[in-house]
Amino acid sequence: MADSSDKTPETDSKKKSSRKKKKRGLGRGLKNLIPDRDDSNPRRLVQADIDDVVRPPEQPRKDFDEAGLEELADSIRENGLIQPLVVRQAGDRFELIAGERRLRASKIAGLRELPVVVKDVTDAEAYALALVENIQREDLNPIEEANAYRRLMSEFDNTQAELAEQLGKSRSTIANAVRLLNLPDTVQTMVADGELSAGHARVLVPLGANKARTLAKKIARRGLSVREAEKLVKSVQDEEGGDDEETTSSGSRYRDDAQVRQITDRLQRALGTKVKLKDKHGKGRVEIHYDDYEVLQSIIERVEDA
């Protein structure tokens, strides 16, 4: 039996550090969760009755193209379902993890049985698997993708940088996606429905909710390019800045020149919200605006990840 004196403070510290590290990240890691396409283990690949495969209440993807489903159903009728679904055991049935599009198309094609790979995973790991498949297939609209990223960061206690590394994405990709969730619901709906691209929507993030809604409709109605949308937003911000008559104690206005505007633009892009820079002779302050605590939390995460 080991002597208790072997347990030094340094050893205890290392163990605590190890436990802390294990808490973060995607558990076993996404690479270990994704089913191997060449997996020939018969214990994991089974034939399931199609009615026994049920959709979980939480899936990253909400919208499906009906015409695309019909095309896939035609292919399944002709060639069968080549790639198995990924599921987990749920009592006497199977809960779908990945492959909802194939499941829907298989029902349209009239299949009664499906090949499925059964995985032993937690709720969070199941959601991660569903997200990975949809991202790889580019099946999520920008708002679904943003919500999925945000949930994964919450579920697995990941920063944007850590999640990006796990998913094989750049941190800016994750950050730009999640920024869309700072927009008002009506603008998010426009993005989800394809009325507004993610690129157009991102230029609206620094604006207040009312301005964002108004300009989103104007951009969509006029069919503006992203560059034109940027110019429109910039003109609105300049007009708002022109209304700011705040002065210093000595009566002189704060600087409003090309350098200040350039720095302000950089800060707004970095933080994803409206920023005011008030400078006089190289001294002053920065005002960061937010519409709610969710936006504030996003700003804090950006600063922490910088």
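The values are calculated or read from the model by the stated rules, or taken from the named source; none is laboratory data. Values in this document were obtained by computation on a predicted structure and should not be read as measured data. Cβ coordinates were reconstructed from backbone atoms using ideal geometry, including for glycine residues, and neighbour counts include every protein chain displayed.
Tell me yes or no: at least one residue of segment 121-134 is exposed (fewer than 11 other Cβ atoms within 10 Å of the Cβ) and either closer than 28 Å to LYS169 by Cβ or at pLDDT below 85 (or both). No: segment 121-134 contains no residue that is exposed (fewer than 11 other Cβ atoms within 10 Å of the Cβ) and either closer than 28 Å to LYS169 by Cβ or at pLDDT below 85 (or both). Residues that are in contact with a Lys or Arg (Cβ under 9 Å, 6 or more places away or on another chain), modelled with pLDDT of 90 or more and either exposed (fewer than 14 other Cβ atoms within 10 Å of the Cβ) or more than 28 Å from GLU155 (Cα to Cα) (or both) occur at least once in segment 167-189. For segment 94-120, the tally of residues that are modelled with pLDDT of 85 or more and in a loop (DSSP other than H, G, I, E, B) stands at 4.
Here's a check for you: in segment 68-101, which residue that is closer than 21 Å to VAL46 by Cβ and among the small types (Gly, Ala, Ser) is surrounded by the fewest Cβ atoms within 10 Å (Cβ to Cβ)?
We begin by selecting, within segment 68-101, every residue closer than 21 Å to VAL46 by Cβ; these are 76, 79-101.
Applying the additional criterion that residues be among the small types (Gly, Ala, Ser) yields 80, 90-91, 98-99.
Values: GLY80: 11, ALA90: 13, GLY91: 8, ALA98: 27, GLY99: 23.
Top of the filtered list is GLY91.
Let's see how each residue does on (1) within 30 Å of LEU103 (Cβ to Cβ); (2) touching a residue at least 40 places away in the same chain (Cβ under 8 Å); (3) among the charged types (D, E, K, R); (4) touching a strand residue (DSSP E or B) at 6+ places or on another chain (Cβ under 7 Å):
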residue	(1), (2), (3), (4)
VAL132	yes, yes, no, no
LEU140	yes, yes, no, no
ASP157	no, yes, yes, no
VAL187	no, no, no, no
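Residues that are at pLDDT below 85 and of a type in the set (Gly, Ala, Ser) within segment 62-79 comprise ALA67, GLY68, listed in sequence order. Screening segment 143-164 for residues that are at pLDDT below 80 and not hydrophobic (A, V, I, L, M, F, W, C) and picking the one that is surrounded by the most Cβ atoms within 10 Å (Cβ to Cβ) gives ASN158. For beta carbons closer than 7 Å, sequence separation of 6+ or different chains, a first residue in segment 198-220 that is in contact (Cβ under 8 Å) with a residue 60 or more places away in the chain and a second that is buried (at least 17 other Cβ atoms within 10 Å of the Cβ) and among the hydroxyl-bearing types (Ser, Thr, Tyr), the qualifying pairs are VAL205/THR273; PRO206/THR273. Of all residues in segment 150-175, those satisfying the criterion of being part of a helix (DSSP H, G or I) and not aliphatic (A, V, I, L, M) are ARG150, ARG151, SER154, GLU155, GLN160, GLU162, GLU165, GLN166, ARG171, SER172, THR173. In summary, GLY194 fulfils each of the numbered conditions (1) surrounded by fewer than 14 Cβ atoms within 10 Å (Cβ to Cβ); (2) in contact with an Asp or Glu (Cβ under 7 Å, 6 or more places away or on another chain); (3) among the small types (Gly, Ala, Ser) with the single exception of condition (2). Hey, any hits in segment 276-295 for a residue that's assigned to a helix (DSSP H, G or I) and at pLDDT 80 or above? For segment 276-295, residues assigned to a helix (DSSP H, G or I) and at pLDDT 80 or above: absent.
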